[in-house]
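The values are calculated or read from the model by the stated rules, or taken from the named source; none is laboratory data. All of these numbers come straight from a predicted model, not from anything done at the bench. Ideal geometry is used to build each Cβ from the backbone, glycine not excepted, and the neighbour counts take in all protein chains shown.
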Amino acid sequence: MSSIKNHRSPKDDAAATATAYKRRFLTRLTAVLVGGMFLDGYILGIIGTVIGTISTELSFTPLWEGLIVASSLLGILVGSPVGGWLGDKFGRKPLFMIDMGIFLVGSALQFFVHEPWQLFLVRLLMGIAVGVEYSVGWPLMSEFAPARMRGRLMGLTLVAFYVGFMVAFIVGYALTTTTSVDWRIILGSSTLPAVILFFARFGLPESPRWLWSKGRHDEARAVAYKYMENAGDMNDVEHEHDRPEGRVKMLFSRRYWRATLFCSMFWLCAVTPYFAIATFAESVLKGYGLSQGLAGGVGLSAVATAGVILTVILIDRAGRRFLTVPPQWLCFVLLLIIGLWAGAPAWVVLVCFLAFSFFNAGYNTLTGIYPGEVFPTEIRGIGTGFATAVSRLGAGAGTFLLPWSMVTYGPQVTMLMAAGLTLVGAILSQWLAPETKGKSLTETAAGFSH
């Protein structure tokens with residue numbers, strides 16, 4: 001009896017090849033977005049390890065020190081809404097290349113600064129590029145990612161941010177304590193990965209949802225068919241409508257004001273305490289009698305990274321709301337303990353700070369996911385950019401004011417202020433945080449549209 005062999009048809013082979021191609025594309029897109037967020041965390045973290053040396057060499061006043069530490073955050077404040085508006089108007093693809101080019105130039109210029117104002121302007125420029133990255137990169141990812149794993153893929157970018165922040169602490173600490181490397185080289189160490197990421201972005205496609213919203217239906221179908229693996233996600237692209245150009249005023253319309261309020265204020269309340277405490281971890285922890293301030297700062301970044309990783313693992317299973325609301329209430333209690341218990345043992349304070357970093361980083365992960373889901377395509381960029389700007393306004397203010405508050409009011413009152421802000425975020429999320437797990441972008445954007 002002759003054996004019967006199973007043969008794959010050319011059609012099956014072609015389908016398998018197409019699927020593999022689409023998966024490689026999604027991996028590549030995720031990688032370049034992860035790289036961009038790593039650089040964001042890196043440049044925000046590295047400045048804290050050398051600010052003392054820079055301050056001495058360039059004779060900083062307290063004002064200049066605060067301005068330079070906050071300069072990248074101020075740049076994000078400008079770049080994110082402008083980049084979001086441009087991304088909604090001209091497409092995600094061109095802005096995605098331009099922002100990394102700007103970042104690369106700014107990073108390289110750090111090698112040549114000799115005055116406080118020069119360093120301020122260079123890092124402001126880098127911050128502008130990072131702001132554009134937020135308001136273009138996250139919408140691009142949300143518009144390509146399969147609904148079933150959108151949370152994990154977007155959450156990976158936040159893992160990269162915290163890893164970048166932690167790596168910056170380690171690199172900065174190692175180079176400042178074991179070598180005599182100039183601080184300009186330490187700051188400029190972000191240039192090499194920026195070069196790699198810049199060239200890695202060539203050839204990426206435009207978002208099919210953006211193309212469809214602009215009436216370019218044939219192009220949208222072609223891109224969706226070529227790069228999107230799930231048939232349901234491809235079909236959902238055609239649920240987009242040809243809409244008029246998105247405008248800033250739409251963010252505050254009756255239809256979308258809830259999405260704007262939630263994304264902006266939730267993000268502000270989440271990142272402001274983190275940036276202030278993490279950037280000045282050494283001085284904050286020493287204010288509580290913990291002599292290993294810098295080591296503690298690395299510890300805060302390490303547990304924050306662990307918090308983000310756990311959230312990414314759980315997000316498409318446990319859901320967005322579960323990982324958003326309860327952790328904020330817990331962080332409020334932790335900061336309240338630190339602020340009210342004036343004579344707490346050092347180990348208690350350290351445990352509270354570490355626990356705060358872990359859970360705060362967990363719900364901070366959602367700040368990079370919600371905007372890409374709850375805003376519709378025509379204002380997804382500007383909505384993400386506006387929320388980013390509001391968050392960085394708070395983060396910049398917190399970073400700028402924390403040293404002053406620690407001296408003027410002391411650690412306890414400063415932590416109570418941080419607890420109050422966390423409480424505002426918890427109340428807001430209890431009220432407005434939506435559940436978007438597993439839903440298409442058409443469904444998630446419609447959830448706030450009433």
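A compact table of results
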{"read-out": "Number of the exception - GLY420 against (1) in contact with a helix residue (DSSP H, G or I) (Cβ under 8 Å, 6 or more places away or on another chain); (2) over 21 Å from LEU73 (Cα atoms); (3) assigned to a helix (DSSP H, G or I)", "value": "(1)"}
{"read-out": "Selected residue (criterion: farthest from LEU29 (Cα to Cα)) from residues of the range 96-110 that are among the aliphatic types (A, V, I, L, M) and touching a residue at least 60 places away in the same chain (Cβ under 8 Å)", "value": "ALA108"}
{"read-out": "Exclusive hit being under 22 Å from the mean Cα position of the chain (by Cα) and either of a type in the set (D, E, K, R) or farther than 22 Å from VAL34 by Cα (or both), set GLU219, GLU206", "value": "GLU206"}
{"read-out": "Counted residues, the range 176-199 - those being of a type in the set (A, V, I, L, M, F, W, C), crowded, with 16+ Cβ neighbours inside 10 Å and closer than 19 Å to MET100 by Cβ", "value": "4"}
{"read-out": "Restricting the range 335-367 to residues that are closer than 27 Å to THR157 by Cα and small (Gly, Ala, Ser), the residue that is modelled with the lowest pLDDT", "value": "SER357"}
{"read-out": "Selection from the range 103-119 of residues that are exposed (fewer than 14 other Cβ atoms within 10 Å of the Cβ) and outside any helix (DSSP H, G or I)", "value": "HIS114, GLU115"}
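Yes/no per residue for (1) closer than 23 Å to MET228 by Cα; (2) charged (D, E, K, R):
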| position | (1), (2) |
| --- | --- |
| THR17 | yes, no |
| LYS22 | yes, yes |
| ILE46 | no, no |
| THR49 | no, no |
| THR61 | no, no |
| GLY66 | no, no |
| GLY91 | yes, no |
| PHE96 | yes, no |
